[in-house]
Amino acid sequence: MESPIKISTQALCFYYHQQQVLHDISLQLPTNRITAITGPSGSGKSTFLMILNRLWEEIEGCSISGKVTVELDGRLQDINNKALPARVLRRKVGMVFQQPNPLPMSIFKNISFPLRLAHISDKNQTGHAVENALRQVHLWDEVKDRLNDDGRRLSGGQQQRLCLARALVLKPEVLLLDEPTSSLDPEASAAIEELLLALKAQCTLIMVSHYQDQIQRIADLRFEVREGRFISPHTEYKSASDV
Amino acid sequence: MNRPHSLTEYIFLTAAVCSGLLTAAVFIFLLIFSLPLLENGQLTDLLLSSWAPDKGMYGIYPMLMASLTLACLSLSISFPISLGCSFVITALAPARLRRLLLSMVRLMTGIPTVVYSFAALFLLVPLMRNILGQGSGMCILTAAPVLALLIAPTMIIFFVNSFANVPRSATLAVDALGGSEIQKLLYVMIPQAWPGIINGVLLGFGRAMGDTMVSLMLAGNSVSPFNSLTQSARSLTAHIALVMAFDFDSMEFKSIFVCGLFLYIVTALLMLLLRMTTLYFSGKR
């Protein structure tokens, strides 16, 4: 079944100081699918993700050319249009990093933090949202009795699920995942993979991964990046996870 | 391969032991020279009475209070300003402005205190005299802002370094969640950097307590107990400098060792208290 296009790029180039990191990328990513991006280290995979939520703007010396459009709230939006504030974009395009990065606060506050940033202060609403997010990543039963414990005291796999819950609490339309299982053991990786498969019903997932077997298991599409160029045309996997 | 390693360790160990011994030696030196005034059971007199050497009274109470008041007041002026400056340098200013501001702050740390005091003598003192409408204009309220200016660069550099040590992963997480720079500072950077912030405050307080020139030139040097910030006062350090300038073998002269001893004890106790607080909260985090 063909999915509508969620993200498209046209002649996208990215520069770090004088060095061109990404070259002339034009592609289309479908809605409610898991798109995997693979390639050697330093080829520009993570940079590509950082373009999609404008996180590159936080790094000095970066510049961009070309066009990136994302369908948000039913409207196509040029994400580099300054009329679209980066803060608003990032609440719609969430991100999970390679290393779990819980904030220096309690489990509850870690999850409610994005709500606080979005000025949502209603206690009931926050409580429900936190519980839902933790249930969604299957962490609720493990932490419900110690929500006030420091989030950094959880195990690696739990921390990554916590970060996933934190990214999900604002119900993003796109979720960017930068090697989300590379620092986890096989059991924790399997749990995350299961989650991602479940999540694609509600959002579009773009995932950087080095693991071919993982890509084959969960990805609907695969792109390969080499030296800043997307060299392979997308490959459809006959994934059992098709929606 | 082991020998240079051991030698390096030996050198560092020696340096550490020497610095510890030196600190202890200063305390013992001050204690020994303070004994003539302390051994006659005059400790409470020294702490609670006024300075009137012609009546045999060598109390340092007004000076101790002046030092503490000046240090606390200057710190309360300097702390919010330094924190604000370090926010701007860390997160709000564009790269060029950030570099310029940091260079200026570093330059400020090198300006001798006498320059600040001299400038204030001609600019701030007449202004205070006009505002107060009486006296010379030299008072605690005049010295405190200059002292605040003096300690601010040290604190700013400490704060900026503390913010810079906050893990990039934490700040990037907030960016990715759509947090603003202010939210990043309030919710992540300050909670992460606050042991460094406390150390900066500690250092600032130590500098304010230990500075001589600003209080000597601007606070008025009155040895009478003060009951208002607009009154003239003499700090412990200014007292030591003034007594040393005119005397070398009297009881007045010996009393300055007691002043030194109290400066030492107050600073050491404060450091101990803040270190314990930092350790306690670090353990709880």
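In region B:46-60, how many residues are assigned to a helix (DSSP H, G or I) and touching a Phe, Trp or Tyr at 6+ places or on another chain (Cβ under 8 Å)?
Residues meeting the conditions: 3.
Only one of (1) within 14 Å of chain A (Cβ to nearest Cβ); (2) free of Cβ contacts under 8 Å to residues at least 12 places away in the same chain; (3) of a type outside the set (D, E, K, R) is not met by B:Leu127, so which one is it?
For B:Leu127, the exception is condition (1).
Per-residue answers, yes or no, for (1) within 13 Å of chain B (Cβ to nearest Cβ); (2) outside any helix (DSSP H, G or I):
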{"position": "A:Thr126", "(1), (2)": "no, no"}
{"position": "A:Leu134", "(1), (2)": "no, no"}
{"position": "A:Glu142", "(1), (2)": "no, no"}
{"position": "A:Asp145", "(1), (2)": "no, yes"}
{"position": "A:Leu162", "(1), (2)": "yes, no"}
{"position": "A:Ala165", "(1), (2)": "yes, no"}
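Residues in region B:134-143: is at least one part of a helix (DSSP H, G or I), within 14 Å of another protein chain (Cβ to nearest Cβ) and modelled with pLDDT of 90 or more?
No: zero hits.
Considering only region A:56-111, state which residues are touching a residue at least 60 places away in the same chain (Cβ under 8 Å) and of a type in the set (Ser, Thr, Tyr).
A:Thr69
Among the residues of region A:24-39, is any in a strand (DSSP E or B) and facing another protein chain (nearest Cβ under 9 Å)?
No; the residues of region A:24-39 include none that is in a strand (DSSP E or B) and facing another protein chain (nearest Cβ under 9 Å).
Being crowded, with 22+ Cβ neighbours inside 10 Å and without any contact (Cβ under 8 Å) to a residue 60 or more places away in the chain is the filter; apply it to region A:167-183 and report the residue that is farthest from A:Thr126 (Cα to Cα).
That would be A:Thr181.
Residue under question is A:His138, and the condition is that it be part of a helix (DSSP H, G or I) and more than 14 Å from chain B (Cβ to nearest Cβ); does it hold?
Here the answer is no, as A:His138 does not meet what is asked.
For A:Ile111, which of the numbered conditions (1) in contact with a helix residue (DSSP H, G or I) (Cβ under 9 Å, 6 or more places away or on another chain); (2) not in a helix (DSSP H, G or I) fails to hold?
Looking at each condition in turn, A:Ile111 falls short on (2).
May I ask you to verify whether A:Asp150 is away from chain B (no Cβ under 14 Å) and among the acidic types (Asp, Glu)?
Taking the combined requirement at face value, the residue does not satisfy it.
Return yes when A:Lys45 is among the charged types (D, E, K, R) and either facing chain B (nearest Cβ under 9 Å) or touching a residue at least 24 places away in the same chain (Cβ under 8 Å) (or both) and no when it is not.
Against the criterion (among the charged types (D, E, K, R) and either facing chain B (nearest Cβ under 9 Å) or touching a residue at least 24 places away in the same chain (Cβ under 8 Å) (or both)), A:Lys45 qualifies.
Scan region A:53-73 residue by residue and report those that are within 11 Å of another protein chain (Cβ to nearest Cβ) and either of a type in the set (D, E, K, R) or in a helix (DSSP H, G or I) (or both).
Across region A:53-73, the qualifying residues are A:Arg54, A:Leu55, A:Trp56, A:Glu57, A:Glu58, A:Glu60.
Filter region A:167-207 for residues that are within 14 Å of another protein chain (Cβ to nearest Cβ) and of a type in the set (Val, Ile, Thr); which is farthest from A:Leu72 (Cα to Cα)?
Restricting to residues being within 14 Å of another protein chain (Cβ to nearest Cβ) and of a type in the set (Val, Ile, Thr), the top hit is A:Val169.
Report whether or not B:Ser86 is under 28 Å from the mean Cα position of the chain (by Cα) and under 23 Å from B:Ala233 (Cβ atoms).
no
Please count how many residues of region A:89-112 are more than 19 Å from A:Glu179 (Cβ to Cβ) and within 7 Å of chain B (Cβ to nearest Cβ).
The total comes to 4.
Filter region B:173-186 for residues that are facing chain A (nearest Cβ under 7 Å) and assigned to a helix (DSSP H, G or I); which is farthest from the chain's Cα centre (by Cα)?
Ranking the qualifying residues of region B:173-186, first place goes to B:Ala176.
Assuming A:Gly94 fulfils every condition listed in (1) within 26 Å of A:Arg166 (Cβ to Cβ); (2) outside any strand (DSSP E or B); (3) among the small types (Gly, Ala, Ser) apart from one, which condition is it?
Result: A:Gly94 fails condition (2) only.
Here are some conditions: (1) in contact (Cβ under 8 Å) with a residue 60 or more places away in the chain; (2) touching a Leu at 6+ places or on another chain (Cβ under 9 Å). B:Glu252 meets all but one. Which one does it not meet?
With respect to (1) in contact (Cβ under 8 Å) with a residue 60 or more places away in the chain; (2) touching a Leu at 6+ places or on another chain (Cβ under 9 Å), B:Glu252 is out only on (2).
The values are calculated or read from the model by the stated rules, or taken from the named source; none is laboratory data. Note that the coordinates shown come from a computational prediction; the quantities given were computed from them, not determined experimentally. All Cβ positions, glycine included, derive from the backbone under ideal geometry; neighbour counts span all protein chains shown.
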